[in-house]
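The structure under discussion appears below in the form of structure tokens.
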Amino acid sequence: MMTTNNQVFALSSIALLLAGCSLSSDLTVSESTSDYKGSANITQGLAKTVEENLFECATGRSRVAGIGEIADADGKVWTVPAQNHFTTAPKTVDLYEECAHITPESIADVDEDSVPVAVIDSDGEEITGYIFADNYFELYINGQLVAVDTVPFTPFNSSIVKFKVNKPYTLAVKVIDWEENLGLGTEDNRGKAFHPGDGGFIASFSDGTVTSSDWQAQTFYTAPIYDLSCLSEVDGKRLSENCTTEGTDNGTNAYAAHWETPSNWMAKDFDAVSWPQATEYSEDEIGVNNKKSYMNFIEKFSGAGASFIWSTNVVLDNEVLLRYEVK
Ligand SMILES: [Ca+2]
Ligand SMILES: [Ca+2]
Ligand SMILES: [Ca+2]
């Protein structure tokens, strides 16, 4: 009898401890979208998967890169993590891509002469670009889609592009921080089922152009958001600096903020005057020191004077459009 009572006591202590733990790690979630006053359209919960997986890695070491759709309260349907041209557009040439067994130790081991040249202007200067994105990019020059990343989510890869163009020309890049939990902005990582992953984009070009805060960056999809009152907008900036970036094991009720992308956002004459300047991030913040697809070519990235860029929140902003005019 005594033993049984002790066991019951021990069990209820454990139950109380567990309850205490989960209560302290639960995130505050807005009860309705009425908390939100900004310009975004808000969705809540998991999107419906419309494409199971865009990419299979022969070695099996890739996260599932799906596409989802989710409706907001007005019935407008949003594609997550973002609309893209992965299945239809020309792909970049890989600098480094494990799944394709392209793993040079350095740029000296890359056959740069074999990279095809995209012709924007037939009498233009031939320019080579080196690109690393966490996780996916689509590159436009003067409004023309030149090439897209070969790996949408993981493993981390890097790319080389060549094009002929006359100055001034406009670089426009869609970058996507991919997600496993479609519509929720999270992945299973760091011991949490709903961990918000981060983004990051860096590039240098042989004409001296590098990514920096001189580029413009605007966000079009921000998630996960639990407490909608954390979102704000100042001078064209769609800010989420007051929003938590904590992971959770209970993230299916997260909200997401969506803004419609202008149809001509990549055009040379698009008026991006209201877009904020890009925010620069350090290599440590992006966490690249264990990524050979970056480190093996570091002289073409930070070594060439380029900085990692993104919008103001490299964790929560998952679809970002970048623009830069090369003069
Ligand atoms: Ca990629
Ligand atoms: Ca990521
Ligand atoms: Ca993210």
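Read the figures in this text as sums done on the coordinates, not as results from a lab. Every value quoted in this text rests on a predicted model; they were computed, and no experiment measured them. We place every Cβ from the backbone using ideal geometry, glycine too, and count neighbours over all the protein chains shown.
Data for the structure
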| item | result |
| --- | --- |
| Some residue of the stretch 31-50 being assigned to a helix (DSSP H, G or I), of a type in the set (Ser, Thr, Tyr) and surrounded by fewer than 17 Cβ atoms within 10 Å (Cβ to Cβ) | yes |
| Candidate set: the stretch 310-324, residues that are surrounded by fewer than 24 Cβ atoms within 10 Å (Cβ to Cβ) and of a type in the set (Ser, Thr, Tyr); chosen: the one nearest to ligand 2 (Cβ to nearest atom) | Thr312 |
| Candidate set: the stretch 100-137, residues that are in a helix (DSSP H, G or I) and of a type in the set (Gly, Ala, Ser); chosen: the one nearest to Arg63 (Cα to Cα) | Ala100 |
| Candidate set: the stretch 130-155, residues that are over 12 Å from the mean Cα position of the chain (by Cα) and small (Gly, Ala, Ser); chosen: the one nearest to ligand 1 (Cβ to nearest atom) | Ala147 |
| Single residue of the stretch 192-208 satisfying the filter (buried (at least 20 other Cβ atoms within 10 Å of the Cβ) and over 17 Å from Thr279 (Cα atoms)) that is farthest from ligand 1 (Cβ to nearest atom) | Phe194 |
| Qualifying positions in the stretch 220-256 - more than 17 Å from the chain's Cα centre (by Cα), not in a loop (DSSP other than H, G, I, E, B) and not hydrophobic (A, V, I, L, M, F, W, C) | Ser229, Ser232, Glu233, Lys237, Thr248, Tyr255 |
| Residues of the stretch 261-294 that turn out to be in contact with an Asp or Glu (Cβ under 9 Å, 6 or more places away or on another chain) and in a helix (DSSP H, G or I), as a count | 5 |
| Candidate set from the stretch 138-156 (those that are aromatic (Phe, Trp, Tyr) and in a loop (DSSP other than H, G, I, E, B)); member that is surrounded by the most Cβ atoms within 10 Å (Cβ to Cβ) | Phe153 |
| Near pairs, Cβ below 7 angstrom, 6+ apart or cross-chain, from the stretch 157-169 (in a loop (DSSP other than H, G, I, E, B)) to any residue that is within 16 Å of ligand 2 (Cβ to nearest atom) and aromatic (Phe, Trp, Tyr) | none |
| Residue count, the stretch 170-185 (criterion: of a type outside the set (Gly, Ala, Ser), part of a strand (DSSP E or B) and away from ligand 1 (no atom under 13 Å from the Cβ)) | 3 |
